[in-house]
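Remarks on the structure that follows.
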Amino acid sequence: MMSVMNKSFQRRARTSALAAILLATSQQALAWSDHASLLWPLLRSQPELLEARLTTETLDDFVLAEAEGLEAMLKAADAKAIEQIAGYPPLPDDLAFRPNTDRNLTQQFLAAIRVNPTLPYVLYQQVMPEDARPLGADAVVDITALSFLKPGMSQQGIQYRQLAVGGQVSPAAVLASGNDEPDFGIDIGLFTDNNTEFGLQYGFGAQPFGNPNLDYGSQAPFHMGFYHLDWLTQKAQPGLLQTYPEWRIFLFSQLAEYAFSTGHEYWGWRFMGWALHYIGDLTQPYHTVPLPGVNTAQALWLVVQGKANEAVQLVSNRHGVLESYQLQRMRQDMTAGHWHSPLLAAAADSAPVPTFNSDTVRAALTRESAEASGRLDAQLETYMPWLFIADPGFEWSGSSEEPQLLTLIVEEKGAAAIAALDGEVAGHLHRFARYAQMWINHALAMERGR
């Protein structure tokens, strides 16, 4: 009897340890770096988006003008999400948008869509490398005016232009800029254990995974979609199933459709940019698989060997070094105008373009990314410096080595490593381009009322 009890205890202990690994490896909440520049190679060759002009309006003005319609639209969107999206937590009744109250309309709206209400949601655009217009001091918007997060390497060298109310801007600029905006903090602090007043009200419960103490860690469940877990992983860590990018895509596209239908094209494109961010996140394999390159049996063996913490650190480092490599190589090519480089060409090549429907995110997009995760992890292991991807005592995040990443790769692995890594990353950027073009087509159809 004691032997049976011991074996049962050991199985539970190993399952709990596996859960701890999976929970910890999902702390890295950022995916591709600088989503606006990521999208630009695809947008720059589309005259319909570059040459058209939208009239800007503040969020306050949009909500005020459409208050009555938004009440019905948001109620219908919540009911549809309950019916169609597995695991969706319904909107608490006291957060329903009701314009006939004395509460501030915009704050009501932000609560009803359950985003961080402390962000300013101002009128701005990210300046792209090809934008030669002079940027006067009075037109510059500092990143600290757009986000409460500490600026990272992805914000270095980026300029943001202030847009005047009633001014003119292209759909391409709005879509690209909006595509990066969810990483400014839209999804931060939304859980009950995030020490925010709104987190206690939003109905998401305690943060299911990720580290609630990291400044950006609480956005992880909104930017990752683990829709293809094996049965043991689901049993060991059911919290990994509590992910919300599918809902964000749905909600923001519903808002965009409403904005287009009521003549608010600026907010139609901005909401579509918000939604596209989550699509882009899910094209990155580290956002669809908790442990790329490690199957469940291997994860359990790591537990038995007492190497769980080491595995967590290695996955976190590989995730981070991939994002940094993508950022640095794309920015290098864009600054030099090398639009036909392997990475920029891949990010601009959207063929064949998928067709969007309600099953796309789970059945197609995330499955493609998950299936590509093992090869990506192996390529990083082969061509990245050993310290960054194989030393569990090293912490990539915040390391002094990051600015010298490309030089260090060549020094340790040779120039051929850059070509090999470019080839690997290009495949994932091509997946991004395909699904981004899908979303652009979806937006254009909405704008035209089809």
Check off (1) within 20 Å of ILE188 (Cα to Cα); (2) touching a Pro at 6+ places or on another chain (Cβ under 9 Å) for LEU229 and give me the number that stays unchecked.
(1)
Look through GLU57, GLU51, GLU66 and report the one residue that is at pLDDT 95 or above and exposed (fewer than 12 other Cβ atoms within 10 Å of the Cβ).
GLU51
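Listed here are the residues, each with its yes/no results for (1) modelled with pLDDT of 95 or more; (2) of a type in the set (S, T, N, Q); (3) part of a loop (DSSP other than H, G, I, E, B); (4) over 27 Å from VAL361 (Cα atoms).
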position	(1), (2), (3), (4)
TRP32	no, no, yes, no
LEU42	yes, no, no, no
PHE62	yes, no, no, yes
ASN100	no, yes, yes, yes
VAL115	yes, no, yes, no
LEU119	yes, no, yes, yes
GLU130	no, no, yes, yes
Do we find a residue being modelled with pLDDT of 95 or more, in contact with a Leu (Cβ under 7 Å, 6 or more places away or on another chain) and hydrophobic (A, V, I, L, M, F, W, C) anywhere in the range 297-313?
no
In this structure, is TRP439 in a helix (DSSP H, G or I) and in contact (Cβ under 8 Å) with a residue 40 or more places away in the chain?
yes
Say we look at the range 334-375 and pick out the residues that are within 20 Å of HIS277 (Cα to Cα) and free of Cβ contacts under 8 Å to residues at least 24 places away in the same chain; which of these is surrounded by the most Cβ atoms within 10 Å (Cβ to Cβ)?
ALA364
The number of residues in the range 322-343 that are over 14 Å from GLU402 (Cα atoms) and aromatic (Phe, Trp, Tyr) is 1
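Each row is one residue, and each column tells you yes or no for (1) open to solvent by 10 Å² or more (accessible area, probe 1.4 Å); (2) small (Gly, Ala, Ser).
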residue: MET384; (1), (2): no, no
residue: ILE389; (1), (2): no, no
residue: GLY414; (1), (2): yes, yes
residue: ILE418; (1), (2): yes, no
residue: LEU421; (1), (2): no, no
residue: ALA443; (1), (2): no, yes
residue: ARG448; (1), (2): yes, no
Considering (1) in a loop (DSSP other than H, G, I, E, B); (2) touching a residue at least 12 places away in the same chain (Cβ under 8 Å), say which one GLY398 fails and leave the rest.
(2)
Just name the residue that is nearest to ARG375 (Cα to Cα) out of those in the range 313-333 that are polar (S, T, N, Q) and open to solvent by 10 Å² or more (accessible area, probe 1.4 Å).
SER316
Being in contact (Cβ under 8 Å) with a residue 40 or more places away in the chain and more than 30 Å from LEU70 (Cβ to Cβ): is that true of LEU240 here?
yes
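The values are calculated or read from the model by the stated rules, or taken from the named source; none is laboratory data. Keep in mind it's a predicted model, so treat the numbers as computed, not measured. As a convention, Cβ positions derive from the backbone with ideal geometry for all residues, glycine included, and neighbour counts pool all protein chains shown. To get the accessible areas, we keep the full protein, side chains included, count just its heavy atoms, and leave off ligands, DNA and RNA. Shrake-Rupley method; radii C 1.70, N 1.55, O 1.52, S 1.80 Å.
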